[in-house]
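Here's the structure we're looking at; comments come further down.
The values are calculated or read from the model by the stated rules, or taken from the named source; none is laboratory data. Just so it is clear, the structure is predicted and the values come from calculations on it, not from any experiment. FYI the Cβ positions are ideal-geometry reconstructions off the backbone, even for glycines, and counts take in every protein chain you see. Keep in mind that these areas ignore ligands, DNA and RNA; they rest on the heavy atoms of the full protein, side chains included. Shrake-Rupley method; radii C 1.70, N 1.55, O 1.52, S 1.80 Å.
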Amino acid sequence: MKKVLFVYGTRPEAIKMAPLIMEFKKRTDLFETKVCVTAQHREMMDQINLFFGIRPDFDLNLMKKDQSLTSLTAEATTSLDLVYKQFTPDLVFVQGDTTTAFLGALIAFYNHIQIAHIEAGLRSFNKLSPYPEEVNRRLISCMADIHFAPTNQAMLNLRQEGIDNNVFVVGNTVVDALLLGLNIVQSQEREVSKQFDYLNFSQKIILVTGHRRESFGQPLNQICQAIKEIAISDSSVQIVYPVHLNPHVQGPVLDILSGIKNIFLINPLGYRELIWLMSKSYLVITDSGGIQEEAPSLGKPVLVTRDVTERMEGVAAGTARLVGTNKEIIINNVLDLLSNQDSYKQMAKSVNPYGDGQTCQRIVDIINQSLNL
C-alpha cells in the first residue's frame, strides 16, 4: 500500500483538492491517504473542508495577521519537514501555484519524495503577473515527477520548458468540485436562497469578484467606475459584489460603489453560496482563475478583468473575454452581453475547455496503473 499526502493551505486549493482526496480515500485497498493543511488562509480554507467533509490529519495553523510571504515561507519550511519525516509519504500532491504548493513541493524534493502537481503547466509568461504565483508554478514544474495538466495548451507549455515525461492531460479538478458541490447544494437550496432574499431573480444578475494584487490601486478604481456606470445606466440589472476583506480591495470598492441601489456589496461568500449564486447569475465579471474555469460549466459568460491570464483556453473557446481593467472596455463588453442575444448565446453555449467532471478518476487511475511509485 502506497502512502499519499495532500498538501494545501488556501481556499482555491481546498476546492480543487477536495474531490481528488475523496476519490483516493475510496481506494483504501491501494492507498493510505492523509491530508496536511498549512492554513495559509485559515477561515476560507476551513469552510471548504467543512463543506466537503475533509478532515486534515496534520494542521500547521500558520496563518498570522499581516503575514508576509517571507515569514510564511520560513515557518512552512520547518513545519512541513516535520510532517514528511513523521508520515514518510511515497507521493505528495500539490495543487496550482500558491506559496503552500511551492513549499509542499520543495520540502518533498528535499526529502526525496515524489511530487504530483495538479493543474500543471499554466503560464502567463510574466513573472510579476500574477505575483508570486507565476514563479511558484514554474518552480514546482522543475521539481515535480508527475504533471497533471488541465489542457493541451498547459501540456505544450511544459514541453516548451523541456518537460516531457509523465505529463498527462486530464482536465481540471475544479469542474469535478463544482458538480459535486452543486449536488450538495441542491439538497440545501431553501437554506441558501434565504440569504439572497434581497435579489429579484426575474431580473439579470451580474456577479463580480476581484482580489488580485496586480489590480490594487488604479486598475481596481477603473473596474469600480465601470461597475458604477453600468448600474446607473440600467437600473433593472442587479450587481452583486462579495467584497474581499483585504483593505486594498475594501477601500476603493466601498468608496466608489456604496449607496447605489442596484449594487449589493456583501461579505465574502462561502463556496456553497458562491456556486449557487453563480448558477443564478446572467454573467460574471472576475479576476479569479477558478471562476474562469467554473462558470462555463454553468453556461455563464465570463469577463476577465486582467491584462493577462494563464487561462487563455477559455478565451479561445469563447467562454471568456479578456477585458483588462480599462473602464470603457469593461462597460462596452457588459452592455454588449446584456443587449445582444447572439453575443450572449455564443459565449453561454461554448464548451468548457477545462473539464467534464471526470478528472479525479483519471488521476487515480493514472497513479494506480501507469506509474511506478
Give me the log10 of I(q) over I(0) for the range 268-332 at q = 0.14 Å⁻¹, as the Debye formula computes it from C-alpha points; what are the numbers?
-0.38
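With all protein chains present, how much of the accessible area of the range 1-83 (probe radius 1.4 Å) comes from carbon and sulfur, to the nearest whole percent?
Details: 2090 of 3880 Å².
Solvent-exposed carbon and sulfur of the range 1-83 make up 54 percent of the total.
So which trypsin sites (Lys or Arg not before Pro) in the range 108-167 end up in coil per DSSP with only 12 or fewer other C-beta atoms within 10 Å? It would help to have the intermediate numbers written out before the result.
Numbers: sites: ARG123, LYS127, ARG137, ARG138, ARG159; in loops: ARG123, LYS127.
Here the trypsin sites (Lys or Arg not before Pro) that fit, given the DSSP loop and packing criteria, are LYS127.
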Which lysines, if any, have their Cα less than 22 Å from the Cα of LYS345, not counting same-chain residues under 8 positions apart?
LYS204, LYS280, LYS300
So what are the radius of gyration and Dmax for the Cα set of the chain, in Å?
20.3, 62
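What trypsin sites (Lys or Arg not before Pro) in the range 293-358 are in a loop by DSSP, with at most 16 other Cβ atoms within 10 Å of the Cβ? All intermediate terms of the calculation are to be shown ahead of the outcome.
Working: sites: ARG306, ARG311, ARG321, LYS327, LYS345, LYS349; in loops: ARG306, ARG311, LYS349.
Within the range 293-358, the qualifying trypsin sites (Lys or Arg not before Pro) (loop, at most 16 other Cβ atoms within 10 Å) are LYS349.
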In the chain, which longest range has no chymotrypsin sites (Phe, Trp or Tyr not before Pro) that are both DSSP loop (not H, G, I, E or B) and surrounded by at most 15 other Cβ atoms within 10 Å?
202-373
Sulfur and carbon atoms: percent of accessible area, the range 283-350 [1.4 Å]:
47 percent
Using a 1.4 angstrom probe, figure out how much accessible area the range 87-171 has per residue, in square angstrom, rounded to the nearest whole.
37 Å²
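Assuming R0 = 45 Å, what is the FRET efficiency of GLU328 and LEU182, from their Cβ-Cβ distance, to the nearest 0.05? Walk me through the intermediate numbers first.
Numbers: r = 35 Å, r/R0 = 0.79.
So, using R0 = 45 Å, E works out to roughly 0.80.
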Could you compute the net charge surrounding LYS228? Neighbours are other residues with a C-beta less than 14 Å from the C-beta of LYS228; K and R count +1, D and E count -1.
-2
Taking a ≥ b ≥ c as the square roots of the Cα gyration tensor eigenvalues, with a/c under 1.5 meaning rounded and otherwise prolate when a/b beats b/c, else oblate, which class fits the range 1-151?
rounded
At LYS25 and GLU161, where each label point lies 7 Å from the Cα along Cα→Cβ, what is the point-to-point distance in nanometres?
3.1 nm
Could you give the distance between the Cα centres of the range 152-217 and the range 282-318, to the whole Å?
9 Å
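Rolling a 1.4 angstrom probe over the protein heavy atoms, how many square angstrom per residue are accessible across the range 209-345?
On the way: 5100 Å² over 137 residues.
On a per-residue basis, the range 209-345 sits at 37 Å².
Given 10 °C and 1.306 mPa s, how large is the Stokes-Einstein diffusion coefficient of the range 252-373 in µm²/s, with Rh as the Kirkwood radius over Cα pairs? It would help to have the intermediate numbers written out before the result.
On the way: Rh = 16.3 Å.
So the translational diffusion coefficient is about 98 µm²/s.
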